[in-house]
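The structure appears below as structure tokens.
The values are calculated or read from the model by the stated rules, or taken from the named source; none is laboratory data. Computed from a predicted structure; not experimentally measured. Methodologically, a virtual Cβ is constructed for each residue, glycine included, from the backbone with ideal geometry; neighbour enumeration extends over all protein chains shown.
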Amino acid sequence: MNPSLYQINTKVLLSEIGLGSTLNDLPNSFLDSIAARGFAWVWLLGVWRTGPTGQRISRARTEWRREYQEVLPDLHEDDICGSPFAVYEYSTDPSIGGDHELALLRERLEQRGLRLLLDFVPNHIALDHRWVQERPDFLLRGDVTDLSREPDCWTTLDNGTIAAYGKDPHYPGWPDTLQLNFFNAHLRAAMIGELRSIATRCSGVRCDMAMLLEPEVFARTWGFRPEAREEFRVPWWPEAIEQVRRDHPTFMFLAEVYWDYETKLQDHGFSYTYDKVLYDRLVHHEASRLTERLRLPASYGSRMAHFLENHDEPRIATKLEPAEHKAAAVVSYLAPGLRFFFDGQLEGKRARVPVHLRRGPREEPDPRVVEIYDLLLPIINSPAGKGGSWQLLRCSPAWDGNPTHANFTAYHIAHDSGDLLVTVNYAGYQGQCFVQIPQALPHTGTAHLKDLLSDAEYDRDARDLSTKGLYLDVEGFRAHVFSLRWTTSS
């Protein structure tokens, strides 16, 4: 099965309901609409408590404030709530209703067949997290040399300790966080305890920057050899995932992951991993490289999380024109795996609200984008879309010397309820190709192709399809999802 996930920036959504709204104020009609659109999972971003220090830093950083004001010209100080990735405590923020209202919301979701996904941030904590005082050994600590050499990566705490900011190896530190020391076996055990506690309150977690905990990545980030500490030579994730699943066997782990660590984290036990590679190729119009990515072995490809938006990426409506958007959505969301959507994407919202804010601008739906998903979601949620047997098809040149076949991506999805044939010309100009039809399909009679994205219908000779393939001559960024029906000649 290929489930769908709907991500919500919780505090931004609550602000749209009204000042002071809490989780209990989320209307049942809103939850009903998510369920009716075929989603299986709801990810509530940013329910955990963030402390006053993180909020103060979010308000004080000049470069961050410029970004806030670009999105929200009428910015107020109360709009800046602090980053949800600077976790003060894994308890639900009292301002949105606390743990009690989260539990009630989970019940309402489950009544509708929806499962709850929450955040887990393993790499770092807020500067005012209780461990800063109670367990300073859990922090990655340094000295004046570290501070002078990399002032953007280290800080001096109130007690004089020099500690590292949370970071990845490619950027300066995140100044509202402190790096946890995964060389410390006690810290490793404590983080498993946090994860097991979270698992009692939801059905899955989205794990922030999950590859940062890999031994060689941690060592590259902080300049330590992975063999420096015996306990750190073994990756942390397999043990953590195994312990959670002892009590919650079906618990879902979604990894935010980059740098070609997707399959490695799947091998560690992750249910799904971000497919940023496919996203990047779609956004950058790398038509000829789409099929290369989609040739992953099924054991890995079916566990990729395909997305066009999330809180980190620009709104897709600002990156792709409607025809491009439609083509990208067909490629992404009819590939096997987790289908991952962001609140506002289905309406064509254009403002990417920084995660430090609790409010975003009001936007009207774009009818061109609404139409895309009104057509596509029923296909995604059909028996074939959810559970069909998927096969990537070869696209061959329409004639010698015509290279445009390389711009096509095509899938066959087989299901007892009826087959689907998906074809996309992911280039901005006319293209031609022959799509090679699976040999298992009928070789005699007539194939009826009805495009579920338009009113087009075609009849083709089954023998020609089996020998030559389906000929396509279509304009740029044209996507088809054909339902296939066969009739036998009398």
Exercise for the section: Go over the candidates Leu19, Leu23 one by one and state the one that is farther than 25 Å from Leu127 by Cβ, surrounded by fewer than 14 Cβ atoms within 10 Å (Cβ to Cβ) and either touching a residue at least 12 places away in the same chain (Cβ under 8 Å) or aliphatic (A, V, I, L, M) (or both). Expected result: Leu19
Handout entry: Any pair with Cβ under 6 angstrom, 6 or more apart, that starts in the range 149-174 at a residue that is under 18 Å from Pro122 (Cβ atoms) and ends at one that is in a loop (DSSP other than H, G, I, E, B) and of a type in the set (Ser, Thr, Tyr)
Key = Gly173/Tyr165; Trp174/Tyr165
Exercise for the section: May I ask you to verify whether Phe218 is closer than 17 Å to Met191 by Cβ, outside any helix (DSSP H, G or I) and in the same structural domain as Leu320 (by TED's automatic domain parsing)? Expected result: no
Handout entry: Residue list for the range 300-329, filter: out of contact with any Ser or Thr (no Cβ under 9 Å at 6 or more places or on another chain) and either polar (S, T, N, Q) or not in a helix (DSSP H, G or I) (or both)
Key = Ser302, Glu309, Asn310, His311, Asp312, Glu313, Pro314, Arg315, Thr318, Leu320, Glu321
Exercise for the section: Starting from residues that are in a helix (DSSP H, G or I) and of a type outside the set (A, V, I, L, M), keep the ones in the range 352-381 and report whichever is nearest to the chain's Cα centre (by Cα). Expected result: Tyr373
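Which of the residues that make up the range 330-351 are in a loop (DSSP other than H, G, I, E, B) and surrounded by 20 or more Cβ atoms within 10 Å (Cβ to Cβ)?
Leu334, Ala335, Pro336, Gly337, Asp343, Gly344, Gly348, Lys349
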Practice task
Go through the residues of the range 86-93 one by one and say whether even a single one is in contact with a strand residue (DSSP E or B) (Cβ under 7 Å, 6 or more places away or on another chain), closer than 26 Å to Leu254 by Cα, among the small types (Gly, Ala, Ser) and assigned to a loop (DSSP other than H, G, I, E, B).
Solution key: yes
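Does any residue of the range 395-414 turn out to be within 25 Å of Arg303 (Cβ to Cβ) and in contact with a His (Cβ under 6 Å, 6 or more places away or on another chain)? Spell out how you get there, then give the answer.
Step one: filter the range 395-414 for residues within 25 Å of Arg303 (Cβ to Cβ), giving 409-414.
Narrowing the set further to residues that are in contact with a His (Cβ under 6 Å, 6 or more places away or on another chain) leaves none.
Among the residues of the range 395-414, not one is within 25 Å of Arg303 (Cβ to Cβ) and in contact with a His (Cβ under 6 Å, 6 or more places away or on another chain), which makes the answer no.
Yes/no matrix, rows are residues, columns are (1) farther than 17 Å from Met191 by Cβ; (2) exposed (fewer than 14 other Cβ atoms within 10 Å of the Cβ); (3) without any contact (Cβ under 8 Å) to a residue 24 or more places away in the chain:
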residue	(1), (2), (3)
Asp247	no, yes, no
Phe251	no, no, no
Tyr258	yes, no, no
Thr273	yes, no, no
Leu290	yes, no, no
His311	yes, no, no
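Give the range 280-314 a look and list any residue that's of a type in the set (D, E, K, R), touching a strand residue (DSSP E or B) at 6+ places or on another chain (Cβ under 7 Å) and within 21 Å of Tyr373 (Cα to Cα), or say none.
From the range 280-314, those of a type in the set (D, E, K, R) are 280-281, 286, 289, 292-293, 295, 303, 309, 312-313; that's our starting set.
Still in the list and also touching a strand residue (DSSP E or B) at 6+ places or on another chain (Cβ under 7 Å): 295, 303, 309.
Passing the criteria: only Glu309.
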Completion exercise
Over the range 27-48, the set of residues farther than 26 Å from Ile372 by Cα and either polar (S, T, N, Q) or touching a Leu at 6+ places or on another chain (Cβ under 9 Å) (or both) is Val47, Trp48
Completion exercise
Given (1) in contact (Cβ under 8 Å) with a residue 60 or more places away in the chain; (2) on the phi < 0 side of the Ramachandran plot, Gly82 misses just (2)
Fill in the blank from the handout: Selection over the range 441-468 where residues are outside any strand (DSSP E or B) and closer than 28 Å to Leu377 by Cα yields a count of 6
Problem - Odd one out for Leu357 among (1) hydrophobic (A, V, I, L, M, F, W, C); (2) more than 22 Å from Gly38 (Cα to Cα); (3) not assigned by TED's automatic domain parsing to the domain that holds Lys326 - result: (3)
Exercise for the section: Take Arg246 and decide whether it is among the basic types (Lys, Arg) and at pLDDT below 95. Expected result: no
Problem - Among the residues listed as Gly113, Gly166, the single one being buried (at least 16 other Cβ atoms within 10 Å of the Cβ) and in the same structural domain as His248 (by TED's automatic domain parsing) - result: Gly166
Problem - Members of the range 208-224 that are of a type in the set (D, E, K, R) and closer than 23 Å to Asp312 by Cβ - result: Asp208, Glu214, Arg220
